[in-house]
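The values are calculated or read from the model by the stated rules, or taken from the named source; none is laboratory data. None of these values were measured; they are calculated from a predicted model. Cβ coordinates were reconstructed from backbone atoms using ideal geometry, including for glycine residues, and neighbour counts include every protein chain displayed. In case anyone asks, the SASA skips ligands and DNA or RNA and just uses the protein heavy atoms, side chains included. Shrake-Rupley method; radii C 1.70, N 1.55, O 1.52, S 1.80 Å.
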Amino acid sequence: MFLIDDQALLAMMREDVPYGDLTTRSLSFGAVRGHIVMAARDSMALCGVEEAARMFELLGCAVDVAAPSGTARAPGELILGAAGPAEALFAGWKVAQTLMEWASGVASSARAIVGAARAVESGVVVACTRKAVPGTRAMAFKAVAAGGATIHRAGLSDTVLVFPEHRAFAAGCLKGQLKRLRAACPEKSLVVEVTGHDEALQAAEWGADVVQLEKFAPEAVARVAEALAGSAVTLAAAGGIHPSNAAAYAGAGAQVLVTSAPYHAKPADVAVTLTPA
């Protein structure tokens, strides 16, 4: 469960309606009852439904959710409906719609990568990085999970991932660095990012649990996978992975596909109908 609290949702709405809706107030229909219906305009994997619904609830509306986050929706299928004063419906309309469109776009992209990869290798894992737009990470992580992907690392504090830049700063060679990391973080897996074939084999030999192949072509991934066949090392491919090439990387032997592509996906299209009751 991903918890986006009421304060965060209120802040999103306050940004859009800091002093009320000038148009609605000036036309004097704020108290008129109405209802809003949100539906999928295109095929999509939903996300942000619970947050959109909660926004309308915080504004005093009654809400009916037709499909939760993670659900696939076909064009025209209902997502949610809400009823209440026009002032509340207009205040929540665009914020709720925009949040759901963006999050559903991320979820749909993640689902496309997962689907492409698992069509070739059912056990492959698609892991999305922490490179979401700053300030959106909680919703971005919920969206990739809704699309069937997992989270590569939530932040610098929760996993050990040794980049070439770390190795340049740390004393000694990678072998010694991994030994120190194993002693300091005995309960953590040690992930090492590499940029070349020989470096990948060395990392595996010296104790890496996961070797992350940065910007390797699928053919290069296959050569590393062949060289390490039978070892306990997990191979992760990272850099430039998207729906069009995910199958090639899965077929090459990468057990984990690390990607940031969903965060740059086009938003899904949510149709809105807002009418008087």
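A compact table of results
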read-out	value
Filter result (under 12 Å from ALA112 (Cα atoms) and in a loop (DSSP other than H, G, I, E, B)) within the range 239-255	ILE241, HIS242, PRO243, SER244, ASN245
Residue list for the range 99-131, filter: in a loop (DSSP other than H, G, I, E, B) and either more than 10 Å from the chain's Cα centre (by Cα) or hydroxyl-bearing (Ser, Thr, Tyr) (or both)	ALA119, VAL120, GLU121, SER122, GLY123, VAL124, THR129
Close pairs from the range 117-132: first within 17 Å of PRO218 (Cβ to Cβ) and open to solvent by less than 10 Å² (accessible area, probe 1.4 Å), partner of a type in the set (S, T, N, Q) and in a loop (DSSP other than H, G, I, E, B), Cβ under 9 Å, at least 6 apart	VAL124/GLN255
The range 43-54, subset touching a strand residue (DSSP E or B) at 6+ places or on another chain (Cβ under 9 Å) and part of a loop (DSSP other than H, G, I, E, B), residue surrounded by the fewest Cβ atoms within 10 Å (Cβ to Cβ)	SER43
Total residues in the range 202-220, condition of a type in the set (Gly, Ala, Ser) and touching a helix residue (DSSP H, G or I) at 6+ places or on another chain (Cβ under 8 Å)	4
Options ALA232, ALA208, ALA236: the member that is at negative phi, outside any loop (DSSP other than H, G, I, E, B) and not charged (D, E, K, R)	ALA236
Counted residues, the range 1-30 - those being open to solvent by less than 90 Å² (accessible area, probe 1.4 Å), more than 26 Å from ALA146 (Cα to Cα) and either aliphatic (A, V, I, L, M) or in a loop (DSSP other than H, G, I, E, B) (or both)	4
Residues of the range 82-98 classified as outside any helix (DSSP H, G or I), in contact with a strand residue (DSSP E or B) (Cβ under 6 Å, 6 or more places away or on another chain) and open to solvent by less than 20 Å² (accessible area, probe 1.4 Å), total	1
Verdict on ALA204 being of a type in the set (Gly, Ala, Ser), buried (at least 17 other Cβ atoms within 10 Å of the Cβ) and closer than 30 Å to THR71 by Cα	no
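To keep it simple, each residue is scored yes or no on (1) under 24 Å from the mean Cα position of the chain (by Cα); (2) open to solvent by less than 50 Å² (accessible area, probe 1.4 Å).
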| site | (1), (2) |
| --- | --- |
| ALA146 | yes, yes |
| HIS152 | yes, yes |
| ALA168 | no, no |
| ARG182 | no, no |
| GLU219 | no, no |
| LEU228 | no, yes |
| GLY239 | yes, yes |
